[in-house]
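The structure appears below as structure tokens.
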Amino acid sequence: MSKPLKIWKTEPYRKMTIRRRGNGIARLFSGMRSRRRAWGGLMVILPPGKSVPYHYHKNRESLLLVLNGEAVELYEDKEHAIQAGDVIFIPAGAEHAVINRTDKEIRFLEFFTHPPMGSDFVKVE
């Protein structure tokens, strides 16, 4: 039995306006199921000067697709410049954060295994 193909267009996410204040906007879109894993997804808009807390996930693997802007991916205590068009894979157990030190927002899509989003979020102090 064939499963339908799911395609998400990124254009609406690149043009979405910020409607709330805070560290950023994370918008959950429809989860996906494959034969072996459940998947989830987020749209993140990180305003200038904001960051995602330094953290790791016990089981979750993530794939980030940077739509626009630039920032720093702090990964295992090393900084890596990221920008529009980059795709970043983050394995389970890896400590990481996104830091926006620019004067423009950064937007990225994140696809991840083992939803829901906060189920194994462990903040690193």
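Here are the numbers:
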| item | result |
| --- | --- |
| Complete set of residues in region 48-63 that are surrounded by 19 or more Cβ atoms within 10 Å (Cβ to Cβ) and outside any strand (DSSP E or B) | Val52, Arg60 |
| Residue within region 117-124 that is in a strand (DSSP E or B) and modelled with pLDDT of 90 or more present | yes |
| Pair list, Cβ under 9 Å, 6 or more apart: region 96-113 residue within 14 Å of Met43 (Cα to Cα), other residue among the aromatic types (Phe, Trp, Tyr) and crowded, with 20+ Cβ neighbours inside 10 Å | Val98/Phe108 |
| Of all residues in region 94-107 being in contact with a Gly (Cβ under 8 Å, 6 or more places away or on another chain) and assigned to a strand (DSSP E or B), the one that is surrounded by the most Cβ atoms within 10 Å (Cβ to Cβ) | Ile106 |
| Residue satisfying all of: in region 26-59; at pLDDT below 90 and charged (D, E, K, R); nearest to His114 (Cα to Cα) among these | Arg37 |
| Filter result (part of a strand (DSSP E or B), surrounded by fewer than 15 Cβ atoms within 10 Å (Cβ to Cβ) and not aliphatic (A, V, I, L, M)) within region 64-87 | Lys78, Glu79, His80, Gln83 |
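The values are calculated or read from the model by the stated rules, or taken from the named source; none is laboratory data. Please read all numbers here as calculations on a predicted model, not as lab measurements. Cβ: placed from backbone, ideal geometry, glycine included. Neighbour counts: every protein chain shown.
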